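Student: Before we start, here is the structure in question, set down as structure tokens.
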Amino acid sequence: MQDKGENYRMINFKDIIADEISKITNIEQKEIEGYIEVPNNAENGDYAFPCFKLAKSMKKAPQIIANRIKEKLEIDENIISKIDVVNGYINFYINNETLVKDVCKEIDDKKEKYGSSDEGKNQNIIVEYSAPNIAKEFHIGHLRTTVIGACFYNIFKYLGYNTTGINHLGDYGTQFGKIIEGYKRWGNEYNLDENPIEKLTEIYIRINELCKEDESVLEACRDNFKKLEDKDPYCVELWTKFKNLSLKEFNKTYDILGIKFDSTKGEAFYADKTQEVIDILKKNGKLEESQGAMIVDLSDKDMPPCIVCKSNGSSIYATRDLSAILYRARTYDFDKCIYVVSDEQKLYFKQIFEVAKYLDLDKKYTDGLVHVSYGMTRLATGKMSTREGNVIKVNDLLNEAISRVLDIINEKNPDMENKEENAKKIGIGAVIFNNLCNTLAKEQIFDWNNVLNFNGETGPYIQYIYVRTKSVLEKAGYEPEIEEIDFAKLEDKESINVLKTIYKFNETLRAVIEKYEPSILARYLIELAQNYSNFYNENKIICDDKKVQDARIFLTKAVGEVLKTGAKLLGMEMPDKM
Ligand code: ARG
């Protein structure tokens, strides 16, 4: 049996079918379950078992196998109301009355916790996301990891995993030697209280220019970094100042997005802990010298070598990551450590995950390392880019989303209450949804026309349907108790479609974390919103038949609740008006 945790009580139709077939065929339940499909066309049932999967081992034609299994199947009619065989498939039709009752009762019982479970209760999950670099702009790529990572974080938690969210800040590296040098020289020319990141970037560009002209300046920069490593008070003071100024800016972004981390231990935290990595690799005979640097050869894995420290002994990005793996294994005893980082670092993560295998860690840890990569974001128009070309400030983008929505509201619904607050929820929700609605691997194209389209497959559309459920409830003026519901009144096609979609909520969440694909939830919410919209268009909710009305109001409430919960797991909030 697939374990959804103790607090998950809904009937698992798929499980029951798999169990039965497993008993008949003597094939393991899990294997059978893996074969069961959900037909694209509901006319072919709710679940289908493709018998050609067994044709080889059973040495019979799929059609014959299908008929034999069907004859022996003994599933209660209250669970599966009809079974037929078509082209070697066994099609199962679930009992709608049971489904309706089951879904309604569960949702009434669990309310805003509907779809949650405790299946992950003994597992420790780390989700590492965001990780911007201090003294550099928080760019649109960082926005993407932030939103994706937060979504995984929310869902793992919702499914009962013990989850830790880490922001692995890029707060270390030789570039700080340079920024310190620049600041020493020209610090008084810049007011860092205003747009600190922009100013620090300017200083960085300026000192880089100078370094190209004058070797002695470069020397001074290197010296600063060495001093920083040796904890020279002045260098540490400046570095701390840059870090705090940057964090203040980053926190503005996190605040607008409503994102928090459990830990913000960044690269600097590991800077003085990398010796252990070097020592273990050396002891295991994995360290080689190459052109003055220390490397781990990975040619047997068809990869370029991983450089783990420089000729002068300084740690680098990779060493700090390896050190972080040791630290996280010990501190969090993780079952999975998930890195949400763009596909530009695909090879890099493959390399360090390989090298991690030489660190004497339990296999559990090295098996648990996962790089979830995503495609970069491109702009449909060059309009939002700044002088440099491609650096868009995320805070500007988020504020622009809010002000664009506010313009729309002012035009269409100027008397709306809580205008600003709703505009924020809609604008930010739109940007978040846009980051999650396509498969991660795909390059993302950012286009305001798509992002804010209230009728498209967008965040605002989901919010719009949610607000509609709210206004239906408001108009009704009451909410029926579950005991009063006559479930038979929800057996029209549209109602069943809505309820079947609601039924799939938990398995949708599971699929997101199994496949590392938030778009599965985003698409699900679109499907639910569209199904409700069809239901709404086809049926009168407030009507003469009180029994029908009660049932439809109940369904409306259920849809609102699932939309809200699902959106929240994506990271979106719901407006109260639209
Ligand atoms: N700071 C890096 C960047 O902006 C991302 C860090 C990713 N995480 C890691 N553990 N290396 O590119």
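The values are calculated or read from the model by the stated rules, or taken from the named source; none is laboratory data. None of the values given here were measured: they were computed from a predicted structure. All Cβ positions, glycine included, derive from the backbone under ideal geometry; neighbour counts span all protein chains shown. Each accessible area value is taken on the protein alone, full model and side chains, heavy atoms only, with ligands, DNA and RNA left out. Shrake-Rupley method; radii C 1.70, N 1.55, O 1.52, S 1.80 Å.
Student: Can you grab the distance from the C-alpha centre of the range 1-75 to the C-alpha centre of the range 397-422, Å, no decimals?
Tutor: 50
Student: Shape verdict for the chain, please, from the Cα gyration tensor: rounded (a/c under 1.5), prolate (a/b greater than b/c) or oblate.
Tutor: Working: a/c = 2.79, a/b = 1.52, b/c = 1.83.
Judged from the Cα gyration tensor, the chain comes out oblate (a/c at least 1.5, b/c at or above a/b).
Student: Still on this structure, please answer the following. For the range 378-537, give the magnitude of the charge dipole about the Cα centre (Cβ charges: +1 Lys/Arg, -1 Asp/Glu; no others), in debye to the nearest 20.
Tutor: Here the size comes out at about 700 debye.
Student: How big is D, in µm² s⁻¹, for the range 19-98 by Stokes-Einstein at 25 °C and 0.890 mPa s if Rh is the Kirkwood radius over C-alpha pairs?
Tutor: In µm²/s, the coefficient is 193.
Student: What are the membrane-span-like helices in the chain by this rule: whole DSSP H runs, Cα extent along the axis at least 24 Å, mean Kyte-Doolittle hydropathy at least 0.5?
Tutor: What comes out of the filter, once short or polar helices are dropped, is 140-158.
Student: Around ALA511, under 10 Å between beta carbons, what's the net of Lys plus Arg minus Asp minus Glu among the other residues?
Tutor: Overall, the nearby charge balance is 0.
Student: Also, I was wondering about something else. Among ILE482, ASN438, PRO460, flag the residue with its Cα farthest along the positive direction of the charge dipole of the range 429-510, charges on Cβ as +1 for Lys/Arg and -1 for Asp/Glu.
Tutor: It is ASN438.
Student: Send over a whole-number figure in Å² for the accessible area per residue of the chain, probe 1.4 Å. Show your work: numbers first, answer last.
Tutor: Working: 26840 Å² over 578 residues.
On a per-residue basis, the chain sits at 46 Å².
Student: Which shape class applies to the range 389-547: rounded if a/c is under 1.5, otherwise prolate when a/b exceeds b/c and oblate if not, where a ≥ b ≥ c are the square roots of the Cα gyration tensor eigenvalues?
Tutor: oblate
Student: Can you compute the radius of gyration and Dmax for the range 262-389, using only the Cα atoms, both in Å?
Tutor: Cα-based Rg and Dmax for the range 262-389 come out at 16.7, 55 Å.
Student: Counting DSSP beta bridges with both partners in the chain, what percentage is antiparallel, nearest 5?
Tutor: The antiparallel proportion sits near 50 percent.
Student: Sort the following peptides by mean Cβ neighbour count (other Cβ atoms within 10 Å, averaged over residues), highest first: 407-420, 65-78.
Tutor: Details: 407-420: 11.9, 65-78: 14.6.
Per-residue mean Cβ counts within 10 Å order the peptides as 65-78, 407-420.
Student: Cβ under 15 Å from ARG185's Cβ, ARG185 left aside: what net charge do those residues give with Lys, Arg +1 and Asp, Glu -1?
Tutor: -4
Student: Further, regarding this structure: If you wrap a convex hull around the Cα atoms of the range 503-578, how much volume per residue is inside, in Å³?
Tutor: For the range 503-578, the hull spanned by Cα atoms encloses 96 Å³ per residue.
Student: Let me ask something else. Could you work out the helix-only [θ] at 222 nm for the chain, with each DSSP H run of four or more residues adding -39,500 (n - 2.57) and the total divided by the number of residues, to the nearest 500 deg cm²/dmol?
Tutor: Mean residue ellipticity at 222 nm (helix-derived): -17500 deg cm²/dmol.
Student: Out of the range 440-502, which GluC sites (Glu not before Pro) are coil in DSSP terms and have no more than 10 other C-beta atoms within 10 Å? Write out the running numbers ahead of the final one.
Tutor: Numbers: sites: GLU443, GLU457, GLU474, GLU481, GLU483, GLU484, GLU491, GLU494; in loops: GLU443, GLU457, GLU481, GLU491.
Listed in order of number, the matching sites are GLU481.
Student: If you don't mind, there's one more thing I want to ask. With unit charges on the beta carbon (Lys/Arg positive, Asp/Glu negative), name the residue among ILE148, GLN291, ILE325 whose Cα is farthest towards the positive pole of the charge dipole of the chain.
Tutor: GLN291
Student: Within 13 Å, Cβ to Cβ, of PHE52, how many net charges do the neighbouring residues add up to if Lys/Arg are +1 and Asp/Glu are -1?
Tutor: Surrounding charge for PHE52 is +3.
Student: About the Cα centre of the chain, what is the dipole size in debye to 20, counting +1 per Lys and Arg Cβ and -1 per Asp and Glu Cβ, all else neutral?
Tutor: 580
Student: Report the charge-dipole magnitude of the range 86-234 in Debye, nearest 20, computed about the Cα centre from +1 at each Lys and Arg Cβ and -1 at each Asp and Glu Cβ.
Tutor: 400
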